[in-house]
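Please read the structure below before turning to the comments.
Every number here is computed from the coordinates shown, using simple stated rules; none is lab data. Just so we're clear, the structure is a prediction, and the values are computed from it rather than from any experiment. A quick note on method: Cβ atoms are made from the backbone with ideal geometry, for glycine too, and the neighbour counts reach across all protein chains shown.
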Amino acid sequence: MSGTERRTGSKTGIAAVIIMVIVAVAFCLPETSSATLKKPGKVKNVKVAAKSYNSVSLTWNPAGNAKAYQIYRAEKNKGFKRIKKVSETSFTDKKLVTGKKYKYKIRAVNGVRKGDWCRVLTVTPRLNKPVLRARSTEEGPVLTIEKVPGATGYCFFRDGKQIARQRPLTFVDRSVKKGTTHKYKVKAYRVVKGKKKYSPVSQVLAASKTKSSAEVGRAAAVAWAKKIANDNSFTYGTGRKAHRRGCYFCGTNKKYKPAGYEKTYCCNPFVLAAYAHGAKHPKVLAGCKKGDCAGMLPSDWTKYGCFDNVGKTTAVPFATLKSGDIIISQKSAGGPFEHVWLYCGGNEYVDAGSEGWDAKSISVKKNAEKYYKIYLRKGCYVIRYNGKQ
């Protein structure tokens, strides 16, 4: 036997011995089969909820001896299929169909050992509940919602009845009457295969179509004028001085004699006071405090900026008058007097003195249309409060 052969045989023998040692050690190690792994506990307290229009979230408590969790899902008329294996205790299932029902079950695993299934839970992905905001305006209730992810459009409801279906996030309900309050709610929808899938209904909010500042001011002036007219301690002041008197509440007519003049009003100071103390317009009130009697020319009224010259009475039909309108005469063709009076709506007017209508009183009178016809002549005007500050 050559030297080379002896060296080769020696190496082969050594390798064989090493292999035998490894095998012997392996046989001595403890067995790691499934019999030595502990079975994981049952998954408990599983919660599933629609997270959005196309996703659902699952959460659960950790199970004993669990190394991971297997999540199975089933759809209608289909068996359960494993969709995910996770080591956490939560999972979000995405890319689902809105309005479609899904079933889930979960079990814990420890190597090849598997725990018992949790109870089957059912959930349906849906649109999120809209957040509604509502505010009252002169134009009408303005309803605004935050964008709902996945929504095709939105349905708006007034007092329980649907009034609009649209994509824009803002809706103005112009059809309601002024001063009336209504309850509003909204729900989003998504079209899936030609069918609408709806979100939960939003919170219910109240809003109204408010009156304009002009309407509020005119109503306040009329109310004040009627209140004074029904107070018999106030009378119509006769004589030349009466036309220069100011206002009892501003104290500008107390300088006139005889005693008691302070509780009298001539026609134009009376109507001016109605807008100073009733409508509480600051510029008119400032003028009233100065003893301004707002004369018989349209410019005597429009100078305040809150009155408009609507036009001559010949061009303004009685039916178009608004409550709170002021009728003045620059020169009356039917008599020597000049006069200012306040239309109250409903064929009523308030008058501090008048032509043949108990000139010593301040009173609320009927037959405003008949009275208005007296002024359907050249030189008579309609003045209207516009509410501008």
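The table below gives the values:
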quantity: Förster radius 45 Å - calculated FRET efficiency between Arg167 and Lys388 (Cβ-Cβ, nearest 0.05); calculated: 0.75
quantity: Added length on full extension, which subtracts the Cα-Cα distance from 0.36 nm per residue, Asn347 to Lys280; calculated: 21.6 nm
quantity: Highest to lowest packing among 139-145, 107-113, scored as the average C-beta count within 10 Å; calculated: 139-145, 107-113
quantity: Segment Val120-Ala315, extension gain: residue separation times 0.36 nm, minus the distance between their alpha carbons; calculated: 62.2 nm
quantity: Residues Lys81 and Val191, FRET efficiency given R0 of 35 Å [Cβ-Cβ distance, rounded to 0.05]; calculated: 0.80
quantity: Those aspartates and glutamates that a straight Cα-Cα span of less than 14 Å connects to Lys105, excepting residues fewer than 8 apart in one chain; calculated: Glu75, Asp93, Asp116
quantity: Sites Lys39 and Val201 - FRET efficiency at Förster radius 45 Å, r taken between beta-carbons, to 0.05; calculated: 0.45
quantity: Segments 123-129, 196-202 sorted - mean Cβ within 10 Å per residue, highest first; calculated: 123-129, 196-202
quantity: Estimated inter-spin distance, Ala49 and Lys373, nm [label 7 Å along Cα→Cβ]; calculated: 7.4
quantity: Potential extension, Lys366-Glu138 segment - 0.36 nm per residue separation minus Cα distance; calculated: 79.0 nm
